[in-house]
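Remarks on the structure that follows.
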Amino acid sequence: MNRRKSLAAAAAATSLAVVLAGCSTKGGESAGSTDKAGIKTGPGITKDKISVGVLTDLSGPVAPLGKSALQAEQLYLKQVSAAGGVCGRTVELVVRDHGYDVQKAVSAYAEIEPQIAALGQLSGSGQTAALLDGIEKDKLQSIQIGASGTVLGKPHLRLMASTYDIDMVNGVGFLVKAAKLKKGDKVGHVYIEGEYGGNAAEGARFAAKKAGLTLVAQTVKPTDKDLTAQVTALRAAGVKAIVFSGVPAQTASLVGVAAATGLKVPVLASAPAYVPQLLATPAKQALEKMLYVASPWPALSVDEPSVKKLVDDYTKAYPKDPVNQAAQAGNGAGALLVGTLKAACEAKDLSRDGISKALRSLTAYSDGFHEPQDFSDPAKASSTKTYIVQPAAGLPGGLKQIQGAAEDPALAEYLAAHGN
């Protein structure tokens with residue numbers, strides 16, 4: 001698989017992976033432990049508690065998303081524990097903030113790994129790539145929030161829903177119709193450097209080539225806030241649409257500057273590029289008119305009981321924090337974690353190997369998700385469908401749904417070319 005090969009090469013080149021592999025030796029599974037009920041246990045499992053790790057961004061460029069995802073998972077697990085827990089145990093989170101910094105993520109992992117049974121939430125594609133060797137060495141089942149397809153194929157790491165590249169293939173297919181693009185048209189392509197932006201760019205490039213479009217590429221760093229230079233270049237090139245994979249603050253700059261300078265073209269963004277707080281910026285009107293988001297999750301304003309429950313529960317628990325799609329990801333991570341632990345309990349194996357096997361036994365899992373998910377094959381995304389949503393003030397999550405979960409016809413060819 002091309003993505004796995006490129007990731008392996010990158011991992012071999014980074015000293016962080018070597019450091020991690022050297023320091024992450026303490027938390028290997030303790031062999032032969034069983035509780036009074038005959039259930040095999042391992043690190044992070046006591047007679048009344050299951051400790052699960054969280055490594056996320058609570059202070060860096062995607063902190064608004066990290067905070068929402070964490071709070072939603074905490075809320076879900078609190079409800080589960082209040083109802084009796086899993087396997088007679090409460091599920092408790094051990095949380096560390098990596099601030100979207102790879103070195104901090106490596107250090108935090110080394111600190112908490114001996115204490116936990118699994119990683120119930122791991123965010124940041126670059127951070128995840130640096131931790132892969134340690135995760136596999138320690139057999140620590142990890143659920144990634146965010147979905148770079150570059151990390152597919154690892155037995156102990158599981159992504160939820162579609163990946164960034166899949167969303168871009170599906171999303172560009174939508175954009176071609178929405179913007180009435182024709183072969184030969186130029187499309188701006190702005191993406192953040194690193195695993196997240198690079199994976200999304202891979203899907204966008206394939207879809208653009210398939211549609212006969214010419215991409216005008218501009219890269220940005222996670223810390224860049226003013227995208228005037230990029231917009232100026234795209235305007236000069238005469239693009240008729242823009243594909244964007246960045247962070248929320250950049251979205252407001254990109255769309256706001258484009259509208260102000262007369263480049264009023266549709267913009268298709270990856271899911272991490274949007275939070276409802278953007279509708280409180282001067283770019284609000286332009287966002288509502290120009291921006292579409294390709295997302296693995298539906299809009300929080302859809303008329304669906306599970307979505308309404310999440311919005312109601314989250315709003316009551318965190319009245320000062322606007323609910324966003326990251327809360328759906330956090331809720332989904334909590335549901336997947338609990339479903340996995342319940343399956344492991346039924347198999348009488350809460351060891352790290354047992355937890356990983358339990359997750360792979362979930363072939364049509366829907367609790368916490370809106371499309372059934374197949375987690376049996378770590379080399380494949382659990383879903384290949386994408387929602388298209390658009391900013392809308394006054395609605396939960398600040399989004400309205402434009403298109404339900406769907407696959408573009410070009411996706412099958414893309415997945416086949418990448419070994420899926």
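The values are calculated or read from the model by the stated rules, or taken from the named source; none is laboratory data. Just so we're clear, the structure is a prediction, and the values are computed from it rather than from any experiment. Here the Cβ positions follow ideal geometry from the backbone for every residue, glycine too, while neighbour counts run over all protein chains shown.
Summary of values
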item: Residue identified as of a type in the set (Asp, Glu), touching a Leu at 6+ places or on another chain (Cβ under 9 Å) and assigned by TED's automatic domain parsing to the domain that holds residue 151 among 313, 349; result: 313
item: Restricting the stretch 272-289 to residues that are among the aliphatic types (A, V, I, L, M) and outside any loop (DSSP other than H, G, I, E, B), the residue that is farthest from residue 183 (Cα to Cα); result: 280
item: Any hit, the stretch 291-311, residues being of a type in the set (A, V, I, L, M, F, W, C) and more than 21 Å from the chain's Cα centre (by Cα); result: no
item: Flag if residue 173 is surrounded by fewer than 24 Cβ atoms within 10 Å (Cβ to Cβ) and touching a helix residue (DSSP H, G or I) at 6+ places or on another chain (Cβ under 7 Å); result: yes
item: Any hit, the stretch 329-340, residues being assigned to a strand (DSSP E or B), outside the structural domain of residue 248 (by TED's automatic domain parsing), closer than 18 Å to residue 161 by Cα and touching an Asp or Glu at 6+ places or on another chain (Cβ under 8 Å); result: no
item: Of all residues making up the stretch 341-369, the number that are closer than 12 Å to residue 86 by Cβ, among the hydrophobic types (A, V, I, L, M, F, W, C) and part of a helix (DSSP H, G or I); result: 6
item: Elements of type helices (runs of 4 or more DSSP H) in the stretch 1-117, at least 2 residues being surrounded by 20 or more Cβ atoms within 10 Å (Cβ to Cβ) and at pLDDT 95 or above; result: 63-82, 102-112
item: Which numbered condition residue 122 fails, given (1) within 16 Å of the chain's Cα centre (by Cα); (2) assigned to a helix (DSSP H, G or I); result: (2)
item: Residues being of a type in the set (A, V, I, L, M) and at pLDDT below 95 - total across the stretch 345-371; result: 1
item: Number of positions in the stretch 136-156 that are in a helix (DSSP H, G or I) and either farther than 22 Å from residue 326 by Cβ or touching a Gly at 6+ places or on another chain (Cβ under 6 Å) (or both); result: 3
